[in-house]
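Enquirer: Below is the structure I would like to discuss, written out as structure tokens.
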Amino acid sequence: MKILRFASPKLVLLTLVSIFFLSAASAYAARVKEFNRSGQLIVTEKSAAEQQPVYDIKNRPKENIFAVPRPPFSEGVFPCSQCHKYLKPNPKQRVLTEHHTEIVLHHAEGQRWCTDCHNLVNRDKLRLVSGDLVDFTESYRLCGQCHGDKFRDWKVGVHGKRTGNWNGDKQYLLCVHCHNPHDPKFKALKPLPPPNRPGKAGH
Amino acid sequence: MSDNKKCDDHVLHKSRRKVLKGLAAGIGLIVMPGRDASASVWEEFFQKHFRELSKDELKSVIARLEKEHSKKFGKQVTVKTTPPIEGVKYGYGLDLSRCIGCRRCVYACVDENNQSRSPQIQWIRVMQLDKEKGVDLSYAEHYYNPATVPEKGRFYMPVQCQQCEKPPCTKVCPVQATWKENDGIVVVDYNWCIGCRYCMAACPYGARHFNWGKPELPASEMNPSTHYLGNRPRPKGVVEKCTFCIQRTREQPGRYPACEEACPVGARKFGNLLDPESEIRYLIENKRVFIFKEELNTQPKFFYFYAT
């Protein structure tokens, strides 16, 4: 009892001092969890400068998911207005004989005409069913009107291809980078060579 | 009698000492001659298991490897040892309704991961299967070579390391030269591997490949950005496998694996299984998914799915 009474002020002081130091340290350093080479999780105090970033699910920056490259225009074709501003808009459905003759429509042909997607007056824009005009860089909104399921998958990265960093900036491709909008079926490719058969050349 | 024996023992003892001395001198003679490589050969021979290396030892091992590779390939080669990122478990998705079997992934992988051109080693194998039969391996063909793909009535299934949660390959390794890292990637320490190929027998996916000959890798095609556990140049007589491009994906920010980037139809998906907002999680939760040879309970982290 005597001893306890004697020691207690010291203990209190010690506790106070340690609390002070601990809180001071925590202001500059953070507990960092790392795997060592043996695969054990090691928790160490590290200063801000020493810290390696961890994959943070909650506080990650909002990524711009629609960072797309330039649409794949044929050479010299864009902006469309450079020619079309001299031409009178003609809404009549017809077979084109002078320009754009290389375009053969294999995309719901018979039900569709140029100006269903291309805006009649301002040719540098695309036209949604609602009458809204969108840029060529936003053409996924146009495609998504009919292909809603693909658009939904594309937005979450399941349809189409993402390049860049899996845990950082990504780049999407527009629908038209892989699918020719006038003939969207994916074209067959020549496969790269098959592997060598065992026992043949190269072994 | 007993004196005699004592004497014999003495002689034997003396001669053993002599033999040992001679042996040491002999070894010294073999090692000593001023061959440049001998020091690094010595070091390499006595190198510890990767996970038992201290920080300093690891540093000197990496310095040695970088020096050797840089000299051999005539360019600055880096050998990284980037550890796993906490909170990450890698998963891979492959859309069988999209894959057209063009083998672009196979060759992108060969280029990225410094696989031997001759004898040929390819970590990805694409199987051609019949739509009518489904995933029935008795109808699989991987030497297909038509003028164009996809062919009518066929579908294609690329197979590479499935990065199992319960990898049978690591269990059978007699020297623990292969193991599963904390981010789920199964890796090989090429300096510890003794080339017994038990792991190849244990792997149900044929995902492991053995360097039967000295790997031939043209210096101009060598990828100098390497990882110790991944695409650094391999010696003859060791086993190698897909590591989800560990040299790319472990960085922050980390690039997508080479096969994912090469796919012309966007059939390949990659991400963090522990991130509920990743594309890999979305497809597992929303698409029709299967894992290959599920009945073996290897629990692959490679998910085949059908987006449509």
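Enquirer: Could you check the stretch B:203-234 and list, in sequence order, the residues that are in a loop (DSSP other than H, G, I, E, B) and within 18 Å of B:Q76 (Cα to Cα)?
Expert: Listed by number, the residues that qualify are B:L217, B:P218, B:M222, B:N223, B:P224, B:Y228, B:G230, B:N231, B:R232, B:P233, B:R234.
Enquirer: Still on this model: So in the stretch B:252-267, with the set limited to residues that are in a loop (DSSP other than H, G, I, E, B) and over 14 Å from B:C102 (Cβ atoms), which one is nearest to the other protein chains (Cβ to nearest Cβ)?
Expert: Out of the qualifying residues, it is B:P253.
Enquirer: Checking B:P276 against (1) surrounded by fewer than 16 Cβ atoms within 10 Å (Cβ to Cβ); (2) closer than 19 Å to A:H159 by Cβ; (3) at pLDDT below 95: exactly one of these is not met. Which one?
Expert: (2)
Enquirer: Give the residue, chosen from A:F151, A:F186, A:F136, that is of a type in the set (F, W, Y) and facing another protein chain (nearest Cβ under 7 Å).
Expert: On the way: A:F151 fails: facing another protein chain (nearest Cβ under 7 Å); A:F136 fails: facing another protein chain (nearest Cβ under 7 Å).
When all the criteria are applied, what remains is A:F186.
Enquirer: In the set A:R123, A:R94, A:R141, A:R112, which member is part of a loop (DSSP other than H, G, I, E, B), in contact with a Leu (Cβ under 8 Å, 6 or more places away or on another chain) and more than 14 Å from chain B (Cβ to nearest Cβ)? I'd like the intermediate steps shown before the answer.
Expert: Details: A:R123 fails: in contact with a Leu (Cβ under 8 Å, 6 or more places away or on another chain); A:R94 fails: in contact with a Leu (Cβ under 8 Å, 6 or more places away or on another chain); A:R141 fails: part of a loop (DSSP other than H, G, I, E, B).
That would be A:R112, the only listed residue that is part of a loop (DSSP other than H, G, I, E, B), in contact with a Leu (Cβ under 8 Å, 6 or more places away or on another chain) and more than 14 Å from chain B (Cβ to nearest Cβ).
Enquirer: If you take the residues of the stretch A:144-200 that are in contact (Cβ under 8 Å) with a residue 60 or more places away in the chain, in a strand (DSSP E or B) and assigned by TED's automatic domain parsing to the domain that holds A:T115, which of them is surrounded by the fewest Cβ atoms within 10 Å (Cβ to Cβ)?
Expert: For the stretch A:144-200, the residue satisfying everything is A:Q171.
Enquirer: Report, by residue number, each residue of the stretch A:54-90 that is at pLDDT below 85 and surrounded by fewer than 10 Cβ atoms within 10 Å (Cβ to Cβ).
Expert: Answer for the stretch A:54-90, where residues must be at pLDDT below 85 and surrounded by fewer than 10 Cβ atoms within 10 Å (Cβ to Cβ): A:K58, A:N59, A:P61, A:K62, A:S74, A:E75, A:G76.
Enquirer: Look at the stretch A:80-94 and say how many of its residues are among the polar types (S, T, N, Q) and in contact (Cβ under 8 Å) with a residue 12 or more places away in the chain.
Expert: Within the stretch A:80-94, residues that are among the polar types (S, T, N, Q) and in contact (Cβ under 8 Å) with a residue 12 or more places away in the chain number 2.
Enquirer: Then there's this: Can you tell me which residue is surrounded by the fewest Cβ atoms within 10 Å (Cβ to Cβ) among those in the stretch B:279-303 that are over 15 Å from B:G87 (Cβ atoms) and at the interface with chain A (Cβ under 10 Å from one of its Cβ atoms)?
Expert: B:N286
Enquirer: (1) more than 30 Å from B:E295 (Cβ to Cβ); (2) facing chain A (nearest Cβ under 9 Å); (3) in a loop (DSSP other than H, G, I, E, B): which one isn't true of B:G237, the others all being true?
Expert: Every condition holds for B:G237 apart from (2).
Enquirer: So, one more: When the stretch B:99-125 is examined, which residues are found to be at the interface with chain A (Cβ under 10 Å from one of its Cβ atoms), in a loop (DSSP other than H, G, I, E, B) and within 17 Å of B:P158 (Cα to Cα)?
Expert: Matches in the stretch B:99-125: B:I100, B:G101, B:C102, B:R103, B:I121, B:Q122, B:I124.
Enquirer: Could you identify the single residue in B:K89, B:K80 that is under 18 Å from B:P257 (Cα atoms), of a type in the set (D, E, K, R) and within 13 Å of chain A (Cβ to nearest Cβ)? Step through it out loud before you land on a result.
Expert: On the way: B:K80 fails: within 13 Å of chain A (Cβ to nearest Cβ).
Matching residue, one of B:K89, B:K80: B:K89.
Enquirer: Exactly one condition in (1) more than 7 Å from chain A (Cβ to nearest Cβ); (2) out of contact with any Lys or Arg (no Cβ under 6 Å at 6 or more places or on another chain) is false for B:T249; which is it?
Expert: For B:T249, the failing item is (1).
Enquirer: Then there's this: Just need a number here: residues in the stretch B:47-66 that are away from chain A (no Cβ under 14 Å) and without any contact (Cβ under 8 Å) to a residue 12 or more places away in the chain.
Expert: Final tally of qualifying residues: 1.
Enquirer: Hey, among the residues in the stretch B:98-127 that are modelled with pLDDT of 95 or more and of a type in the set (S, T, Y), which one's nearest to B:T249 (Cα to Cα)?
Expert: Top of the filtered list is B:Y107.
Enquirer: Further question on the same structure: Does B:F270 satisfy being modelled with pLDDT of 95 or more, in a strand (DSSP E or B) and either touching a Lys or Arg at 6+ places or on another chain (Cβ under 9 Å) or buried (at least 19 other Cβ atoms within 10 Å of the Cβ) (or both)?
Expert: Here the answer is yes, as B:F270 does meet what is asked.
Yes or no, residue by residue, for (1) over 30 Å from A:Q40 (Cβ atoms); (2) surrounded by fewer than 17 Cβ atoms within 10 Å (Cβ to Cβ); (3) of a type outside the set (A, V, I, L, M, F, W, C):
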residue	(1), (2), (3)
B:V126	yes, no, no
B:R154	yes, no, yes
B:C169	no, no, no
B:E181	no, no, yes
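Enquirer: Do any residues in the stretch B:155-177 that are assigned by TED's automatic domain parsing to the domain that holds B:L229 have Cβ atoms under 7 Å from those of residues that are buried (at least 23 other Cβ atoms within 10 Å of the Cβ) and of a type in the set (S, T, N, Q), where the two are at least six apart or on different chains, and which pairs are they?
Expert: B:C169/B:T178; B:T170/B:T178
Enquirer: Hey, another quick one. Within the stretch B:128-139, does at least one residue satisfy the condition of being within 11 Å of another protein chain (Cβ to nearest Cβ) and not in a helix (DSSP H, G or I)?
Expert: yes
The values are calculated or read from the model by the stated rules, or taken from the named source; none is laboratory data. None of these values were measured; they are calculated from a predicted model. Positions of Cβ are backbone-derived with ideal geometry, glycine not excepted, and every protein chain shown enters the neighbour counts.
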